[in-house]
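Single-structure report; data block below.
The values are calculated or read from the model by the stated rules, or taken from the named source; none is laboratory data. Keep in mind that what you see is a predicted model, and the values were worked out from it rather than measured. Heads up, the Cβs are rebuilt from the backbone with ideal geometry, glycines too, and the neighbour counts pull from every protein chain shown.
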């Protein structure tokens, strides 16, 4: 039971790893405080990370480290031992920003495909056109002194496909060799929000024109009050002998 004078309401909650994992923690945010429960333990730990506007929305474990994306595009590394420590880094992307555009909207996901990737969706409006585009970057280096995370451009996903949802609370999923079930490598799959087809796919870095899809996918910080189209892994659901 979580009891604390600093626990007012739940701002967000997330698992750091599957429940069956030996190092799975439940993180619950309440205002500026972070509460930590190790799965199977009898007590909660209370922390005040001193990270402004911290709100964890996505969390990924990779090579023994835990990475998060949060509100306002914040990127953090979470350390659990010997005590909880949250370090916030500024995201520095390797890309060309010289294009003439008067409006742009962005959304990002963390996902692992052999390396830690940052998938970035850009919905762009110009005076004569509108398009959206998925980009990919891999973590190149962390500057602990200046708190900067540098990301290097990735041209191809090779034999991987990635699945994303409009709801920022839904993690991005990666799948290797999608041709086995008729899919396509180096593509991003997403809900199409069109009646004629439930989903669509676009090649990484390829520009696509679809106003309704662009509008839904690029909503920033949206917390939906109803279920929205998303992706799940079949292995996450147990099958009975009758099914």
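Yes or no, residue by residue, for (1) closer than 20 Å to residue 174 by Cα; (2) modelled with pLDDT of 95 or more; (3) buried (at least 19 other Cβ atoms within 10 Å of the Cβ); (4) within 17 Å of the chain's Cα centre (by Cα):
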position	(1), (2), (3), (4)
120	yes, no, yes, yes
132	no, no, yes, no
141	no, no, no, no
144	no, no, no, no
147	no, no, no, no
151	yes, no, yes, yes
156	yes, yes, no, no
161	yes, yes, yes, yes
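Can you find even one residue in region 93-100 that is within 17 Å of the chain's Cα centre (by Cα), outside the structural domain of residue 32 (by TED's automatic domain parsing), closer than 25 Å to residue 156 by Cα and modelled with pLDDT under 80? Checked against the condition, which is being within 17 Å of the chain's Cα centre (by Cα), outside the structural domain of residue 32 (by TED's automatic domain parsing), closer than 25 Å to residue 156 by Cα and modelled with pLDDT under 80, region 93-100 yields no hits at all. Quick check on region 111-118. Is at least one of its residues surrounded by fewer than 17 Cβ atoms within 10 Å (Cβ to Cβ), at pLDDT below 85 and closer than 26 Å to residue 158 by Cβ? Among the residues of region 111-118, not one is surrounded by fewer than 17 Cβ atoms within 10 Å (Cβ to Cβ), at pLDDT below 85 and closer than 26 Å to residue 158 by Cβ, which makes the answer no. Counting the residues of region 182-206 that are in contact with a strand residue (DSSP E or B) (Cβ under 9 Å, 6 or more places away or on another chain), modelled with pLDDT under 90 and loosely packed, with under 15 Cβ neighbours inside 10 Å gives 3. Summed over region 47-59, residues that are out of contact with any helix residue (DSSP H, G or I) (no Cβ under 6 Å at 6 or more places or on another chain) and either surrounded by fewer than 17 Cβ atoms within 10 Å (Cβ to Cβ) or closer than 16 Å to residue 87 by Cβ (or both) total 9.
Identification of strands (runs of 3 or more DSSP E) wholly contained in region 128-193 with 3 or more residues that are touching a residue at least 60 places away in the same chain (Cβ under 8 Å), farther than 18 Å from residue 68 by Cβ and not assigned by TED's automatic domain parsing to the domain that holds residue 69 yields 130-143.
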